[in-house]
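Each remark here refers to the structure printed beneath this line.
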C-alpha cells in the first residue's frame, strides 16, 4: 500500500479516469432522477390507484424494481429479443447511430437495431476480421442473439456515450458488469412477473 499522499498520489491512470467516471456517475444519477420524476408525473404521483404498476414492481422485488427504474434512463423498456441487423452492403454506416448529445441515449430512429459492439461503420463484409467487434459484426451478431444481450448493450451505450473518448478504453469493460446486472434484474420485473403476482392475489 502506497504512503498517504492525498489526491496527487493516485496512479496516473486513475487521475485520468476519475473525472470521466465522476461525470458518468453524475449523469447516471441525474438521468435516473429525471426518469423517475417523469414516470411518477405520467402515472399520477398523487393518485394511488394510478401508481399500481410501479408499486406492483416494488412488491415483486425492490431490487428488480429499482433496476428497472435505473434502466429507464435509456428512455426505453427492456426488450429481451435480438435487435435487427441493418444492411451494410450499400451503406457502411447503416449499423451506426449518432447518440443524443444531452443524454447519450440511442436515438428512437435506431432503437430496435443491434447495438452490441463498437459503434463504427462496417467496411466490407460483416464477417470479416476487421469488423469482428463492430455493431453488426461477428461478435455483435452472436451477442445480439443471446436473450437480453442487445438490451444490455443499449444501457451500456447510454452510459459510455457520456464518457470522454480518451477514457473509453479504461471504462468500457468495467461498466459492462453493472449494465449486465441491472438489465438482468430489471428484466425479471417484467410483464410475466406482474401477471403472476396478480394471479396469486
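The values are calculated or read from the model by the stated rules, or taken from the named source; none is laboratory data. The structure presented is a predicted model; accordingly, all values stated were derived computationally and were not measured. Neighbour counts run over all protein chains shown; Cβ positions are idealised from the backbone, glycine included.
Restricting attention to helices (runs of 4 or more DSSP H) lying wholly within segment 84-192, give those where 2 or more residues are more than 21 Å from residue 72 (Cα to Cα).
Numbers: elements: 138-145, 149-160, 168-188.
Qualifying helices (runs of 4 or more DSSP H): 138-145, 168-188.
Among (1) within 14 Å of the chain's Cα centre (by Cα); (2) surrounded by 13 or more Cβ atoms within 10 Å (Cβ to Cβ), there is one condition residue 134 misses while meeting the rest; what is its number?
With (1) within 14 Å of the chain's Cα centre (by Cα); (2) surrounded by 13 or more Cβ atoms within 10 Å (Cβ to Cβ) applied to residue 134, the lone miss is (1).
Identify, by number, the condition in (1) surrounded by 14 or more Cβ atoms within 10 Å (Cβ to Cβ); (2) at pLDDT below 90 that residue 53 doesn't meet.
(1)
What number of residues in segment 154-190 are under 11 Å from the mean Cα position of the chain (by Cα), within 17 Å of residue 97 (Cα to Cα) and in contact (Cβ under 8 Å) with a residue 40 or more places away in the chain?
7
Can you name the residue in segment 106-125 that is in contact (Cβ under 8 Å) with a residue 40 or more places away in the chain and crowded, with 21+ Cβ neighbours inside 10 Å and, of all such residues, is farthest from residue 68 (Cα to Cα)?
Quick first cut of segment 106-125, residues in contact (Cβ under 8 Å) with a residue 40 or more places away in the chain only: 106, 111, 115.
Those still in the list that are crowded, with 21+ Cβ neighbours inside 10 Å too: 106, 115.
Values: 106: 17, 115: 19 Å.
Checking each candidate, the answer is 115.
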